[in-house]
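The block underneath contains the structure these notes are about, expressed in structure tokens.
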Amino acid sequence: MRTRIGTIGVPAGVVAIVVMLVVPLPAFVLDFLIVMNITAAVLVLLTAMRVRKALDFSVFPSLLLVATMFRLALNVSATRLVLLHGYAGHVIHAFGHFVVGGSLVVGLVVFLILIVIQFVVVTNGAGRVAEVAARFTLDAMPGKQMAIDADLNAGLIDADTARVRRREVGAEADFYGAMDGASKFVKGDAVAAIVITLINLVGGLAVGVLQRHMPIGQAISTYSLLSVGDGLVSQIPALLLSVSTGLVVTRATTEDEFGTDILAQFARQAGAVRLAGIVISVLGLVPGLPRIPFLMVGAGAYLIGRSLGRTQDREAAAEAIAQQVEPVAALETTEALAPEMRVEPLELELSYDLLDLVDTARGGDLLDRVKALRRQLAIELGLVVPTVRTRDNLELGASTYAIRLHDVEVGRGQAPAGRVLAVGDSLDGIPGEPTREPVFGLPSKWVPTELRHEAMVTGATVVDRAAVLTTHLAELVRRNASALLTRTQVKELMDVVREAHPVVVDELATAQVTLGEVQHVLRELLAEGVPIRDLVRILEAVSERARVSRDAEGMVEAARAALGPSIVSRHAVDGALPVLTLDPALEQQLVDALRVGDDGTFLAIDPALLEQLAGELSRLSTEAEHRGRQPVLVCAARLRPAARRFLRSLLPRLAVLSVNELSGHVRADHCGVVSVATSAGV
């Protein structure tokens with residue numbers, strides 16, 4: 001039934017309002033519609049007082065337009081009846097004669113006072129509040145959207161809740177924008193009321209004196225009082241709607257209904273109520289002022305304040321007893337504190353002036369890029385990167401972002417607004433701030449956005465701020481991928497393998513390979529930049545190795561051997577693998593120096609020899625890079641884990657492969673043989 005009325009009845013009523021502007025109405029119908037108008041205004045006022053937030057009355061701007069048109073249509077209909085018949089129904093007659101005592105002057109004064117109250121006080125104030133609220137709401141949208149995305153990324157809310165909250169943020173901005181315009185309806189209505197009343201006064205005198213040949217006094221008594229009555233009838237509901245407008249747009253921080261909030265907030269200020277009662281009572285003692293009203297009101301306020309104070313004391317005592325019975329530690333349960341204690345795997349912190357990067361209204365697409373980056377890294381590494389929690393940090397400097405891994409900052413950079421990053425060596429003639437590209441440390445410059453094409457002409461690579469940030473994030477995720485692989489993720493990956501290849505997982509169980517051992521193997525692979533996408537072959541190799549030995553290092557090498565062709569292809573260029581090899585004597589010396597520790601094999605050798613080895617590798621690698629090749633070190637399978645462990649911090653970009661990983665589908669492109677001057681010190 002309600003749907004049918006809303007679908008058919010409301011549009012029909014709006015159309016009927018337009019019809020009222022041109023079709024004459026009988027006096028009894030006009031009486032009925034005037035009462036309906038006053039009732040509707042009272043209903044709107046009460047609803048505005050009872051809503052808890054502005055969006056609970058989201059139809060108010062449109063309703064304001066319809067109510068204004070309805071009131072103006074009633075003015076037109078009443079004017080028509082007054083001028084044609086000198087009578088416009090009982091309601092207008094009562095307002096013109098009984099309410100203002102039949103005095104034209106009193107009626108005009110009351111009418112003008114209502115106009116001043118509505119136009120100067122209520123409407124102007126409500127319009128200003130709506131204007132400021134609309135602007136502040138639009139300015140706050142990026143922060144609110146970012147907070148929603150941060151809660152979603154943190155897992156505090158699900159996607160459906162986030163969608164609802166985003167819709168509420170957009171609806172709030174639309175509402176206050178609409179209220180900013182709707183307040184102009186009320187202001188225009190006040191102006192129209194003045195004009196219509198003046199027209200009615202002049203028109204009524206003209207009709208009475210010129211057409212009906214009535215004496216001027218009689219014409220004024222008949223038509224002018226009816227015109228004033230019409231004005232009063234229209235201005236009372238107009239004033240109610242103006243007050244409703246002010247109440248709706250000022251409901252910013254209230255928690256309950258308007259009346260409930262007033263009583264609750266005054267109840268919390270019992271001392272102020274008592275003090276007000278004392279002040280009013282003192283004023284009653286001033287000579288010349290009436291004592292009885294002041295003393296009665298002052299005493300009443302003081303007694304109410306004392307009553308509120310006793311109520312507060314009882315509530316405070318009850319709360320103290322409750323705290324004694326139930327300690328604070330019991331109230332602060334683990335479940336309540338868990339969200340605040342949780343450390344996010346991956347966080348992206350933005351300074352206040354970088355929020356435009358996440359504001360879709362201003363063209364920001366950083367969050368979409370981060371989502372696309374997670375998909376890209378999943379395809380590239382075989383690792384589902386944890387959700388990146390994005391939040392603002394007021395402690396960061398201007399234009400600064402920080403990337404945190406398990407609450408430890410692993411990277412920081414700049415992304416100044418209105419700039420793009422130009423990477424190149426020929427940027428001296430272009431204004432900007434010199435800097436270093438955050439991933440590879442290449443010389444670059446932050447140049448104004450309008451100079452993008454000039455920078456490209458010099459041969460520089462130009463990227464926008466969001467691309468710089470996501471590229472930096474991607475590189476740090478690649479470097480720290482092993483730290484992001486949790487045991488829960490390993491279990492989820494194995495569940496996926498079980499669905500397509502159940503035998504592989506069953507063999508792991510038969511070989512008694514634990515989830516922790518699988519996680520260790522996958523972490524070691526990721527630490528060396530080896531994707532774990534081919535999880536089936538990795539698990540097969542691990543289960544086979546586990547039947548022979550449960551050595552963790554051996555499982556990793558078995559997995560690398562199974563992935564050998566894939567590993568080699570990542571470093572090969574046009575079918576050729578740039579290779580650095582060790583001098584046979586040196587390699588044998590290093591193999592003889594292998595020892596087994598808690599973390600695997602290591603080189604027990606003279607530090608001076610290791611320093612020479614690292615220096616020679618660095619020299620040969622640099623020479624190969626200058627020739628446009630990125631070489632890898634190939635050594636014996638037994639030596640590879642210890643060699644990689646030794647070179648990980650000294651030459652992180654140098655990959656170390658074993659001869660077991662080489663395959664026949666690529667040819668070796670020898671870039672040098674590593675030898676050192678001394679072979680002593682084992």
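The values are calculated or read from the model by the stated rules, or taken from the named source; none is laboratory data. In this text the structure is predicted, and so the values were computed from the model without any measurement. Note that we place each Cβ from the backbone using ideal geometry, even for glycine, and neighbour counts take in every protein chain shown. We work out accessible area using only protein heavy atoms, side chains counted, and drop any ligands, DNA or RNA first. Shrake-Rupley method; radii C 1.70, N 1.55, O 1.52, S 1.80 Å.
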Quick calc: nm separation of the 7 Å Cα→Cβ label points for residue 406 and residue 667 -> 4.6
Note: residue 576 to residue 112 extended length (0.36 nm per residue) minus current alpha-carbon separation gives 157.6 nm
Dimensionless Rg/Rh of the stretch 512-616, both radii on Cα and Rh by Kirkwood, sits at 1.02
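Pop the C-beta distance of residue 159 and residue 611 into the FRET formula with R0 = 41 Å and round what comes out to the nearest 0.05.
0.15
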Expected unfolding gain across residue 296-residue 206 under the 0.36 nm per residue rule, minus the alpha-carbon gap, is 27.0 nm
The percentage of the accessible area of the stretch 392-469 (probe 1.4 Å, all protein chains present) made up of carbon and sulfur atoms, to the nearest whole number, is 53
In whole angstrom, the spacing between the Cα centers of the stretch 349-382 and the stretch 11-66 equals 47
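From the P(r) of the stretch 563-676, can you give the percent of Cα pairs sitting at distances over 19 Å?
Values: 2726 of 6441 pairs.
Value for the stretch 563-676 (Cα pairs over 19 Å): 42 percent.
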In whole percent, the fraction of accessible protein surface over the stretch 507-637 that belongs to carbon or sulfur atoms, probe radius 1.4 Å, stands at 49
Note: residue 548 to residue 384 extended length (0.36 nm per residue) minus current alpha-carbon separation gives 55.9 nm
